[in-house]
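The values are calculated or read from the model by the stated rules, or taken from the named source; none is laboratory data. Fair warning: this is a prediction, and the values are worked out from it, not measured in the lab. Reconstructed Cβ throughout: ideal geometry from the backbone, glycine too, with neighbour counts over all protein chains shown. The area values use the complete protein model at the heavy-atom level, side chains included, leaving out ligands, DNA and RNA. Shrake-Rupley method; radii C 1.70, N 1.55, O 1.52, S 1.80 Å.
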Amino acid sequence: MRGVSKVFPNGTAALTPTDLRIGAGQFVSIVGPSGCGKSTLLRIIAGLVPASTGECSMPSGSRRAFVFQDATLLPWRTVRKNAQLLLELEGFDKHERDARIAEALKLVSLDGFEKAYPRALSGGMKMRLSLARALALRPKVFLMDEPFSALDEITREVLQDELLRIWALENFTALFVTHNLYEAVYLSSRVIVMSARPGRVVADIEVSLPYPRTPELRQTPEFNEISAKVSAALRGGAVS
């Protein structure tokens, strides 16, 4: 992203001109105060919202997939048919859809639930299905806007580990928006901290913790030290 800013038609300035470079295969989280433009930034990268100035580019052929905060499932469709929705919209033939859906549902441990409807799924299973629907596209860039925020703490931590497992297997570039700084540190190789609106990047913090990561990592001094650094940057950005 080079000089990317966003001013909405009502005059609200969501983002000041922002430069950001993400390396292929990185897992990068974006944190900041409510209303700071985190989600706007992610939507610009996804191509869902136009930037007011600047440009956002990525290597040719880098397919993007987006996961929203809500699972956004169609209640009249089964797990299988929800998972294949994006492939239908992209025009994939039935043979290719079937192969990709089987692979994606297995990745998120929903194989065996193909004929179930969303009403029969737990909150965590619904979010797994939302992830599977996006993974079926086999994206090179995976954009996630607070996908675990509505889940209880135990389910959230389980899905964090599942997401890291899938990221290691699929080798996509991940951008993850969250309000939870501990989630950001646990998942990421970098944490981008944004200021209060109009948003700007106030810190770019490397998370020098090895992968694969386990729940015990959250109790280590190294994890707490990096979390404290992110927290300090957040406090500074919130009052700037």
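Tell me, rounded to the nearest percent, the portion of alpha carbon pairs in the range 1-112 spaced more than 19 Å apart.
When every Cα pair of the range 1-112 is considered, 59 percent fall beyond 19 Å.
Give me the one-decimal Kirkwood hydrodynamic radius in Å for the chain, with the sum taken over alpha-carbon pairs.
18.6 Å
Counting only DSSP beta bridges with both residues in the range 86-240, what percent are antiparallel, rounded to the nearest 5?
So the antiparallel bridges in the range 86-240 amount to around 50 percent.
Would you please classify the overall shape of the range 35-92 from the alpha carbon gyration tensor, given that a ≥ b ≥ c denote the square roots of the eigenvalues, rounded means a/c under 1.5, and beyond that prolate means a/b larger than b/c while oblate covers the rest?
It is oblate, given that a/c is not under 1.5 and a/b is not larger than b/c.
Relative to the longest principal Cα axis of the chain, at what angle does helix 123-135 sit, 0 to 90 degrees, rounded to 10?
90 degrees
Taking a 1.4 Å probe, which of GLU146, GLU114, GLU216 shows the most accessible area, and what order do the others take after it?
GLU216, GLU114, GLU146
Any chance you could get the radius of gyration and Dmax over the Cα atoms of the range 152-216, in Å?
12.8, 37
Would you work out which of ALA99, SER130, PHE66 lies farthest towards the positive end of the dipole of the range 64-179, given +1 charges on the beta-carbon of Lys and Arg and -1 on that of Asp and Glu, about the Cα centre?
Final value for the positive-end residue is ALA99.
Through the Karplus equation 6.51 cos²θ - 1.76 cosθ + 1.60, θ set to phi - 60°, convert the phi angles of the range 106-113 into ³J(HN,Hα) values in whole Hz; use x for Gly and Pro.
Result, ordered by residue: 5, 4, 9, 6, 10, 5, x, 10 Hz.
Which pairs, out of LYS140/LYS229; LYS115/LYS140; LYS38/LYS140; LYS106/LYS140; LYS94/LYS115, put more than 24 Å between their alpha-carbon atoms?
Numbers: LYS140/LYS229 30 Å; LYS115/LYS140 29 Å; LYS38/LYS140 21 Å; LYS106/LYS140 19 Å; LYS94/LYS115 17 Å.
Result: LYS140/LYS229; LYS115/LYS140 exceed 24 Å.
Is it possible to state the helix-based mean residue ellipticity at 222 nm for the chain, with each DSSP H run of 4+ residues giving -39500 (n - 2.57), the sum divided by total residues, to the nearest 500 deg cm²/dmol? What is it?
My calculation for the chain gives -11500 deg cm²/dmol from helical runs alone.
Compute the acute angle (0 to 90°) between the alpha-carbon long axis of helix 221-238 and the principal axis of greatest extent of the alpha-carbon atoms of the chain; round to the nearest 10°.
Tilt of helix 221-238: around 70 degrees.
Roughly how tilted is helix 153-170, in degrees to the nearest 10 and between 0 and 90, from the longest Cα axis of the chain?
Between helix and principal axis, roughly 80 degrees.
Using the heavy atoms of the protein chains alone and a 1.4 angstrom probe, what is the accessible area of the chain per residue in square angstrom?
Each residue of the chain exposes 48 Å² on average to a 1.4 Å probe.
In percent, how large is the relative contact order of the range 1-135, given Cα pairs closer than 8 Å and 6 or more residues apart? Walk me through the numbers before you get to the answer.
Numbers: 154 pairs, mean separation 31.4, N = 135.
Taking the mean separation of contacting Cα pairs over the length of the range 1-135, I get 23 percent.
Quick check on the range 96-189: take the gyration tensor over C-alpha atoms, sort the square-rooted eigenvalues as a ≥ b ≥ c, and tell me if it's rounded (a/c under 1.5), prolate or oblate.
oblate
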